1. Label 7 Å along Cα→Cβ of B:ARG28; segment B:72-90 residues with amide nitrogen under 14 Å?
2. I need the peptides B:36-44, B:114-122, A:23-31 ranked by packing, meaning the mean over residues of other C-beta atoms within 10 angstrom, with the highest value on top.
3. Counting only helical runs of four or more DSSP H residues, what would the 222 nm mean residue ellipticity of chain B come to if each run contributes -39,500 (n - 2.57) and the total is spread over all its residues?
4. Calculate, in nm to one decimal, what B:ILE5 and B:ARG72 gain on full extension: separation in residues at 0.36 nm each, minus their alpha carbon distance.
5. Per residue of B:118-125, how many C-beta atoms from partner chains lie within 10 Å of its own C-beta, taken as a mean?
6. Using 7 Å Cα-to-Cβ label points, what is the A:ARG19/B:ARG129 separation (nm, one decimal)?
7. Tell me, rounded to the nearest percent, the portion of alpha carbon pairs in chain B spaced more than 21 Å apart.
8. To the nearest 0.05, what FRET efficiency results for B:VAL159 and B:LYS61 with a Förster distance of 25 Å applied to their C-beta separation?
Amino acid sequence: MVNENKDMLEDAALQDLFRAARAEAEMPRPELYRRVLADSQALLPAPARPAAPGARRPDALPRLRAGFARLLGGWSLLAGLSAAMLAGLWIGYAHPGILPHAGSGGPMAGTGPGMGPGVGHSFALEDFQPGPDAFLLLLEDG
Amino acid sequence: MDGDISDEALLVAYGNGEPRAAMALTTRLTPRVHGFAMRMLGGDRAEAEDVTQEAMLRLWKQAPHWRMGEARVSTWLYRVVSNLCIDRLRKHRFVDIDSVEEPADGRAPVSQRLMAEARARALIGALARLPERQRQAVILRHIEGLANPEIAAIMDISVEAVESLTARGKRTLAQNLAPRREELGYGE
């Protein structure tokens, strides 16, 4: 190893000394492990108590309902939504007038009150397609 | 317990009352803490053991309050160990630097094993002669192998200050060890 400066140990030699110090590290004695482990057991916190299987918090259901209602905009909006849904169902069921061939064998004919092609009436695929009068009715409605 | 689990996750598990986490942390961290304390304290084993136990005790107490993502366990521990060692160095001045290592004669050790031990002892002795902060920075950087930003966090100083401390520490080490070049096997 060439030495330029006798007053300073070369950097390569210093790095070698660091490696030697890492490699020669003395391992802790078993007694030290025992002391550390004994402390850890003495200070071990109590485990968190898990919930009983199947148990449900008593306030879980009301909280769920309230959260769902908030999501939909409150109870008043929820009631309005229900009414609109029922009304739509009734209109679809009881007012087939805008549908093609209403009362004359169309797909909805006979399903409303007081209408019906009679027992034994059957439909072809074309019956489910809108006819030209259906388009006229839609144009009139705007 | 899986070796892939981080120190932080193990500490949180211990804080939740998991005893196996304590076993894993003890086997993983005790050698590192002990080795660092030994180097900081000039190779005094009894003092290093006391520091190790005290640092680990503080870790167990900290566990219930530990929050994932806030800090690394190793950084926290190195800081605690550093402070404990510096407190002891200032209080007792127990490191007799003249007794740390000096071979009985100037002859070079014959076997590689003896040479490695002599080199390690020589470095520990030279480190013990450094000012505390230089010693701490050099050990963390060049023996523990930490990056400068982590050392800066441990020592609560800037990265530039870490670089300055390690550079001055290395220069002093090189000067102090130069007279022993031949004895340590670095002669021409």
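1. Answer for segment B:72-90: B:72-77.
2. Order by mean packing, descending: B:36-44, B:114-122, A:23-31.
3. Calculated at 222 nm, the ellipticity per residue is -21000 deg cm²/dmol.
4. The B:ILE5-B:ARG72 span can extend by a further 22.8 nm.
5. 5
6. Result: 2.4 nm between the two label points.
7. Value for chain B: 56 percent of Cα pairs lie more than 21 Å apart.
8. Efficiency at R0 = 25 Å is approximately 0.25.
All of the numbers you see were taken from the coordinates with simple rules; none came from a lab. Because the structure is a prediction, the values reported are computed rather than measured. Every residue, glycine as well, gets a Cβ built from its backbone with ideal geometry; the counts of neighbours run over all protein chains shown.
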